[in-house]
Amino acid sequence: MFNLVHENKKWVQIVLALIILPFAFWGVDSYNQSGNRADAVATVNGTEITQQEFEDALRQQQDRLRQALGANFDAAMLESPEVRHNVMDNLVAQRLLVERAKAAGLTVSDAQVAQIIQGIEAFQDNGKFDKKRYGAALANQNMSPLMFEARLRSDLAGQQMRDAYVQNGFASNNVADNIIRLNEQQRVVSVSPISLQPFMGQAKVGENALKTYYEQNLKEFQVQEQVKVEYVKLSVDNLLPKAEVNMEDARKYYEEHQRDFGTPEERQAAHILIAVAATAPQAEQDAAKAKAEQLLQQAKKNPAEFAALAKQNSQDPGSAVNGGDLGFFGHGMMVGPFEDAAFALKQGEISDLVKSDFGYHIIKLLAVKPAKLLSFDEAREDILRKLRQQKATDMFAELAEKFSNTVYEQSDTLKPAADLAGVKIEQSGWLIKGMAAGEPWTEKMLQAVFSDGAVKDKRNTGAIEVAANTLVAARVLEHKPAAVRALDEVQETIRGKLLRGQAAELAVKQGRTLLEQLQRGDKPALNWATAQTVTRAKFGTLDRDMVRKIFQADATRLPQFIGAETPQDGYVLVRIESVKEGGKLDGEKRNGYVQQLRKLTGEEMFRAYLADARQQASINVMLSDSSTPASSGK
């Protein structure tokens, strides 16, 4: 029903998807862990984005584009400065969003987390959640369920922040009515194509024209330079089978990192909020405090009626309907004064008044979920996997320099490097210069294999980093230089192109002459096709540009005639015969349009909100890429 808005909506969603990258497997909780500042590529309000997080984001973006573009995917598009800049922008925006969500006190219940996880297809077997599949999928990402669930909780809080804007856009009925009228207006048209085929016999192309076109368009007939190579890859993945970890080391790691294998204490609280801004006049603050004190007395006098008091009086719309219940939350998920008070209460106890930037709170502690620690047996497989990964990474670090030196020092063979890495020498198919084809044939790798040293001097390339912890060295086996196909090979192709071009010019010339005759009232003999109805969203047999012209034409006097060049027919004449307004405007149709318009305006509001958050933040970007700004925000 509403294709114009629908198309824009899809575009906005794509933009937002690139702004707010999926958090599921490298969520923002990892940002809050202490890191090595030397490894940081950006800071947002003092917290770091590490090089590893940035590389993970690039890989995630690569996976999404590969799925979306299929055979049209080119890994080189991710190596441009512009894409690196955009990925960093996405990470910064993601961090700001979750930071704002926490500051607003947004929380996510255990039931919400469980529902999301059980609905993820990757964790299901025959449509049902499978715990083993869940654990295996996370293990492949070097992540424990506890870590994943903590990150997902933060991500959902950020999503709540987004939804607060996206789901609250504005669109008036008048605007919706105008869009409905424009979108659903119909125009009845007939078409008369002026085909270029009858003019092909009049077109003539001489030998000089063929030669001239060939000489002026040599790039069109150029065959790119190609090579076939053998190569050796050194990567952490290849080293994993050699990384042995004993149980003693695993137990020691468990003892030293127990915080990684448990969940902290969480508390479930309900509250009554009497809202007042921190900047409100003193009289308003005093009135809010007085009302809150009155409610506090009632709550303490009859604690069993707390939920009813919250439903009737709390000015927090998100929790009031649930009797003030905020669900379970941990440290760092609520604003400071609220959290301090909630974690100081005993179960069933009601706090005194608590003042925050949102107003006055009365808090009742409903339940306490004590901290939970996995046993060593429960955590063992995750620990072993992590230690193997660490050991393989250490092995890679030790071998990387030796691998690079071996490739360079014994530049006439890859065998010593392959023996050092413990891998076989592999062979590529034909590689085309300038056409990256995904790992390991990145733009940087192709530059190396097509260099003079590799092609002319028959030397190994250097050890090139094609992905995180992955080095590749190559050696050219066969080479095909760039060449231009001879005129004899391509002259018939050129002849057909020039003949078609001349015929199209003749067809267009006749079409324009006929259009002038029609517009001044003459009636030339034409074959008009059966009339068809088009709208701004339904084009019939016409293309988008032609339909746009049809609706731009003045329809106050009919018939009207328009025309345009087309690649297929040469020229097309269109007769606009009548105009029909859309069907009766009913409440259901209007509501459908209003909802989509509100979604669009909500998405635009959210983008503006993110822009403002960026403006208010302290952001420092340290990527070496010159296209990425060194800093922004305050």
**OP:** Excluding residues fewer than 8 places away in the same chain, name every one of the lysines whose C-alpha is closer than 28 Å to that of Lys599.
**Re:** Lys9, Lys10, Lys102, Lys538, Lys584, Lys589
Original post:
For Lys415, which aspartates and glutamates qualify as cross-link partners when the Cα separation must be under 17 Å and same-chain residues fewer than eight apart are set aside?
Top reply: Glu230, Glu401, Glu426
**OP:** Would you mind counting up the charge near Asp522? Only other residues with Cβ under 15 Å from its Cβ, with Lys and Arg at +1 and Asp and Glu at -1.
**Re:** +3
Original post:
Counting pairs on different chains as well as pairs 8 or more places apart, how many Lys pairs in the range 265-370 have Cα atoms under 18 Å apart?
Top reply: 19
Subject >> Neighbour-count order for Ser80, Ser428, Ser319, fewest beta carbons within 10 angstrom listed first >> reply: Ser80, Ser428, Ser319
Original post:
Under the rule of -39500 (n - 2.57) per DSSP H run of 4 or more residues, summed and divided by the residues of the chain, what mean residue ellipticity at 222 nm is obtained, to the nearest 500 deg cm²/dmol?
Top reply: -15000 deg cm²/dmol
Original post:
If we count other beta carbons within 10 Å of each Cβ, what is the order of Ser190, Ser314, Ser351, fewest first?
Top reply: Ser190, Ser351, Ser314
Original post:
Taking other Cβ within 10 Å of each residue's Cβ, how do Val321, Val113, Val229 sort, fewest first?
Top reply: Val321, Val113, Val229
Original post:
Under 16 Å from the Cα of Lys456, which lysines turn up, not counting those fewer than eight places away in the same chain?
Top reply: Lys228, Lys433, Lys480
Original post:
Between Glu489 and Ile425, what length in nm is gained on full extension when 0.36 nm per residue of separation is reduced by their alpha carbon distance?
Top reply: 19.2 nm
Original post:
If you take the square roots of the eigenvalues of the alpha-carbon gyration tensor of the range 500-593 and sort them as a ≥ b ≥ c, do you get rounded (a/c under 1.5), prolate (a/b over b/c) or oblate?
Top reply: prolate
**OP:** Please give the net charge around Leu542, taking every other residue with its beta carbon less than 13 angstrom from that of Leu542, where Lys and Arg add +1 and Asp and Glu add -1.
**Re:** +4
Original post:
From the square roots a ≥ b ≥ c of the eigenvalues of the alpha-carbon gyration tensor of the range 134-284, which class results: rounded (a/c under 1.5), prolate (a/b over b/c), or oblate?
Top reply: oblate
Subject >> Length released on extending from Ala283 to Asn302, taking residue separation times 0.36 nm less the Cα-Cα span >> reply: 3.9 nm
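Quick note: the coordinates plus some simple rules give every number you see, no bench work behind them. All of these numbers come straight from a predicted model, not from anything done at the bench. Neighbour counts are summed over all protein chains in view; Cβ atoms, including those assigned to glycine, are modelled from backbone coordinates with ideal geometry.
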